[in-house]
Structure formats: structure tokens, C-alpha cells
Amino acid sequence: AQSVTQLGSHVSVSEGALVLLRCNYSSSVPPYLFWYVQYPNQGLQLLLKYTTGATLVKGINGFEAEFKKSETSFHLTKPSAHMSDAAEYFCAVSDRRLYGGATNKLIFGTGTLLAVQP
Amino acid sequence: DTAVSQTPKYLVTQMGNDKSIKCEQNLGHDTMYWYKQDSKKFLKITFSYNNKELIINETVPNRFSPKSPDKAHLNLHINSLELGDSAVYFCASSSRLAGNLDTQYFGPGTRLTVL
């Protein structure tokens, strides 16, 4: 079964600083990985996803993530934080199975709340 | 031109009541989901329908009964509401036909408060 672990429930950075949000996954099959962002009192918005191909994935709002199979990681980064980036970030893996029975549900991590200080 | 919409946005009710949450998507997707987000922001799937057929039914009380009248709608009815049902419920959709089943698009959520 797939699972996701997000290290750090709260991350605080200064405006203009590097953002690094950590996500490690566990999967018995090649994983499909996602990052979603949730702004206060809103739904989830897809930031980026990795399915196959290039391991460095670029998303919206200047975010990117790199799939590292050897480290079972899919960390989210942004070179320069902006006040508008303050939100909850969720890493997720899709429930995939190579030989059928996949439900395609998303299995979420516990989330990381990003605070951006002026 | 909202992609995935939910009604109501807020729902406050007494224990023991029966309530429904509605979800509609105009993306042409054939698969819809209900997720529950608890007070600690933890998200977990409860149900999923593909072409009106139930394909995911996680371990939820049978007081919860989803209904999908067509591909664009997935409603959630909850009987005999309990305090522990208080949460934010998110609807999502994706498309199996587009070969993009894994990318799910979420609605704005319904905050259910049971008093």
C-alpha cells in the first residue's frame, strides 16, 4: 500500500527566502505524486504532479518538485517566497497497482503549514 | 464557470438530524469523489463513483449514503448526525476517459458543524 510522510507540520520562512517542503513516499509500484495547496477556507488546488518522464516537475506560482526514486522523496521548492504563498501544502500519492484493483484514490500526507514572514 | 461546486458552503445542524451535501462538476469528468478533512486538516477519501457506479467505499458508518444521479453529480446524505461528523467535506472529480484519472480537481468544500 502507498503512503506519504510530510516532515514538518509547520514551516516558517522570510519573504524572499527559499521554500523547501519535504515529502517522502512509500510505494510498491512506480508512484504518481502530487502537491496540492489549500489557502485558508478554500478547496485544494493542484500545484504540480509527477507521473512519468522528467523527474523535475514545474508547477504553478513558481513551485517545482523533484522526484528522487533513490531517496523516495518528492520535495517541493520555490526559490523566493512571497507573502501570498502562505497556505497549507499537501503531498499525495495515487493508489496505483500494476495488475488491477487500483482505486485511484489520493492518499494524502498530514500537510505542512507554510508561514511567510515579512 | 466554476469547475467543481458544492452546496452548501456551511452547514450547522443538531445531533440526530439528517442532512445532504451536493456536488456538481462541469468538467465532463466521469469519476467523482468525496473526501473528509478533520479538525487536524487530515484528508481521507470516503467514497468514489465512476459513471454512477460506486468504486470506492472506505470504512465509513452506514449512516453515510452517497448518490450519483448522473456523471456530473455526486451527493452525500448523512443520517443521524453525530458530533464526530463535524468536518470539511470536499468533492473532487477526474476523468478516466482522458487517461488522466489520477489528476483530481477539488471543490471549495462544505464545512459541516454538528452541535
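What to note about this one:
- Averaged over the residues of peptide A:104-113, the number of Cβ atoms from other protein chains lying within 10 Å of each residue's Cβ is 6.
- In order along the stretch A:77-92, phi translates into HN-Hα couplings of 9, 8, x, 9, 6, 10, 3, 6, 7, 4, 4, 9, 10, 10, 9, 9 Hz, rounded to whole numbers, per the Karplus curve 6.51 cos²θ - 1.76 cosθ + 1.60 with θ = phi - 60° and x for Gly and Pro.
- Shielding value for A:40-53 is 3, the average number of Cβ atoms from other chains within 10 Å of each residue's Cβ.
- Antiparallel bridge percentage (DSSP; both residues within chain B; nearest 5): 90
- Computed about its Cα centre, the charge dipole of the protein assembly as shown is approximately 260 debye, with only Lys, Arg, Asp and Glu carrying charge at their Cβ.
- Solvent-accessible area, 1.4 Å probe, carbon plus sulfur percent, for the protein assembly as shown: 52
- For q = 0.10, 0.12, 0.18 Å⁻¹, Debye-computed log10 I/I(0) when each Cα of the protein assembly as shown counts as one equal scatterer: -0.46, -0.67, -1.37
- Theoretical gain in end-to-end length, residue B:58 to residue B:82 [0.36 nm per residue, Cα-Cα removed]: 6.8 nm
- Whole-angstrom gap from the stretch A:14-82 to the stretch B:31-76, using each part's C-alpha centre: 26
- Over all pairs of different C-alpha atoms in chain A, the reciprocal of the mean inverse distance, the Kirkwood hydrodynamic radius, equals 14.4 Å.
- Per residue, in Å², the accessible surface of the stretch B:10-115 once ligands and nucleic acids are set aside, probe 1.4 Å: 48
- Options A:4, A:27, A:79, ranked by Cα towards positive dipole end of chain A, top entry (Cβ charges): A:27
- Counting Cβ atoms of other protein chains within 10 Å of each residue's Cβ and taking the mean over peptide B:42-49 gives 4.
- Distance violations [Cα-Cα > 27 Å] among B:9/B:40; A:68/A:105; A:58/B:40; A:49/A:78; A:49/B:67; A:78/B:40: A:58/B:40; A:49/B:67
- Heavy-atom accessible area per residue - chain A, 1.4 Å, Å²: 47
- Using a 1.4 Å probe over protein heavy atoms, the accessible area lost on pairing A with B, summed over both chains, comes to approximately 1700 Å².
- Put simply, when B:13-22, A:18-27 are sorted by average Cβ atoms within 10 angstrom per residue, most first, you get A:18-27, B:13-22.
The values are calculated or read from the model by the stated rules, or taken from the named source; none is laboratory data. Computed from a prediction, not measured in an experiment: that's the story for all the values here. Heads up, the Cβs are rebuilt from the backbone with ideal geometry, glycines too, and the neighbour counts pull from every protein chain shown. Surface areas here come from the heavy atoms of the whole protein model, side chains and all, with no ligands, DNA or RNA. Shrake-Rupley method; radii C 1.70, N 1.55, O 1.52, S 1.80 Å.
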